[in-house]
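The block underneath contains the structure these notes are about, expressed in structure tokens.
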Amino acid sequence: MALSLSQIFQMTTTKEFCRIVRLKSTQAFIIAGTVLITIFVTLLCIGFMTRYEVEHEVANLADVDYWKDRVSSVQKIWYDKGIAELNEALITQRGPIYPRNVRIFLVQGIDGPDLAAYRFPVGAGNVESSNFAWDNFPHMARLKNSCSQRSPCQVGSVSRALWSGIPLDISFGLESDCWSVENQTGTFLSVLRQAQLAGLRTGFVTTQRITGHTGAALYGYGNYECDERMPLGSIQSGCQDIARQLISGQSGRSLNVIMGGGRQMLNSLVPKTKWDPVDELLCQSSDGRNLLKEWRKQKLRESKISPIRFDIVQRTDELESLNASNFDYLMGVMANGDLSGNFRAPNLNLMVERSLEVLKKKDQGYFLVVEQFIHSGMEKRKQLLLLNETLFNLPKEHDTLTLVLITNAIYPNPRLDVSEETETISHLPETFGGDETQIQQRINQMPSDSFLFAQGPKSSLFYGVRPETFLAHSIAHVLSKAIGKAETEPNVIV
């Protein structure tokens, strides 16, 4: 039966209507799905952000309570400004549990009052102080000075306590001035040697002499920097001075970087110039040695067994132009005596930069000790700013433990026990004699506690008041977790 035109039109309209409905349903489904996905992603992001904030203890101005509604408007301004530092303190740093690298900066000649005073610009008047780089480190400890009136400290013993972990009263009875290649029984194991045994690349940089007390405690043994002042009987017995131990001792030979002053201890014949004279107050080698030449010969012999690249630099321009990353070993002897005696010597920043270029390798961590010795005649604030610049220029490495140890470097004199300051003040004139100015000068010349600032993996180890030996003990723990090819070390006191 034939359909009428009205019926056909009605069926067509119905189909069109259904098609439109289906289309709109699909669009509605897509829109609804999009909305649901958006809500889901938003909730997921909120969840992740909440979890991150909980894990990292992230805080902001709105999160930190300090009774903002109860303080005055003037007080609130400064509380708000302080929130930034509080926020930073609340953040838990994430990263490796143990460090791959260790950098230690030893500053000798700066006291607590110096640190407080030199934060302010000279002649700035009543202005806010500016932080040094180490002021922003998250952890800090104080190392006791164990010097007492009964037991005056020798510099060598203090260095031994810092770098080998041997208490001062014990090291007095154990130390010997004789070290020989044939007899190394009882040799103290310094943290530098432990780093080498753990498979780390090692370096020592100093603005003093590489044969000074710090160098002696790190890679040597004894108190004689060169042959000149060593007793004849000790020399005849085969005892070696610190300079020769740098070449013949295992710790010295294994150093990848050694840089500082002390040429007159290493060589008997040294150039004497008006900008780098021989320091008459220091040891001067007189046995005809040329240890720089011996070091080069030693590395040549080693390179025949395993290919290595090495170099010796003795001028600032040589160090500036050196592509240090191409070398495995670098010796830099930049002055006859201390670097302060050579006004053409390189600055600390350049020496540290080149040293790190040598030490940093993809397959190995490194251990670097940097000593900045500030003599009494130096401008202390200028030296601190130089260290500050050096620290700011360090590469940011999340797997590196960085320590800054600041000490006033006063050890040889006895220390009066001034733990009870209120009781001691009244007895100062009888104790010291002289007027108030002289008394103040004597107080300033007393040894004081050292400040240790720490940043990086395991920096949380460094807090509270600790003995000098704590530095070596804590570093030894960190090094025990280092990954590297271990060596063996016979006949040592651990």
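The values are calculated or read from the model by the stated rules, or taken from the named source; none is laboratory data. What you see is a predicted model, and the numbers here were worked out from it, not measured in a lab. When we count neighbours, we look across all protein chains shown, and the Cβ atoms used for this are built from the backbone with ideal geometry, even at glycine. Note: areas computed on protein heavy atoms with side chains; ligands, DNA, RNA excluded. Shrake-Rupley method; radii C 1.70, N 1.55, O 1.52, S 1.80 Å.
Things worth noting here:
- Just so you know, in region 204-227 the residues that are within 18 Å of the chain's Cα centre (by Cα) and assigned to a strand (DSSP E or B) include one that is farthest from T400 (Cα to Cα), and it is Q208.
- Scanning region 247-284 for residues that are closer than 14 Å to R209 by Cα and small (G, A, S) yields a count of 3.
- Residue in region 161-203 that is modelled with the lowest pLDDT, counting only those that are within 17 Å of the chain's Cα centre (by Cα) and in a loop (DSSP other than H, G, I, E, B): S190
- If you go through region 348-368 and keep only what is charged (D, E, K, R), closer than 23 Å to S321 by Cβ and not in a helix (DSSP H, G or I), you end up with K360, K361.
- Some residue of region 356-379 being more than 26 Å from K481 (Cα to Cα) and modelled with pLDDT of 95 or more: yes
- A search for C-beta distances below 9 Å between a residue of region 314-327 that is over 20 Å from K293 (Cβ atoms) and any residue that is open to solvent by 30 Å² or more (accessible area, probe 1.4 Å) and part of a helix (DSSP H, G or I), counting only pairs 6+ apart in sequence or on different chains, returns N323/E357; A324/E353; A324/E357; S325/E357; N326/E357.
- M230 meets the conditions (1) open to solvent by 20 Å² or more (accessible area, probe 1.4 Å); (2) more than 30 Å from the chain's Cα centre (by Cα) in every case but one. The failed one is (1).
- Some residue of region 216-225 being open to solvent by 20 Å² or more (accessible area, probe 1.4 Å), of a type outside the set (F, W, Y) and more than 22 Å from L197 (Cα to Cα): yes
- Meets criteria (outside any loop (DSSP other than H, G, I, E, B), among the acidic types (D, E) and touching a strand residue (DSSP E or B) at 6+ places or on another chain (Cβ under 8 Å)) for D311: yes
- Residues within region 380-416 that are open to solvent by less than 40 Å² (accessible area, probe 1.4 Å), at pLDDT 90 or above and part of a loop (DSSP other than H, G, I, E, B), tallied: 2
- Under the condition of being more than 21 Å from Y366 (Cβ to Cβ), open to solvent by 80 Å² or more (accessible area, probe 1.4 Å) and within 26 Å of the chain's Cα centre (by Cα), the residues counted in region 283-325 number 3.
- Residues within region 344-353 that are in contact with a strand residue (DSSP E or B) (Cβ under 7 Å, 6 or more places away or on another chain) and crowded, with 23+ Cβ neighbours inside 10 Å, tallied: 2
- No other residue among G341, G332 is modelled with pLDDT of 95 or more and either open to solvent by less than 50 Å² (accessible area, probe 1.4 Å) or in contact with an Asp or Glu (Cβ under 8 Å, 6 or more places away or on another chain) (or both) apart from G332.
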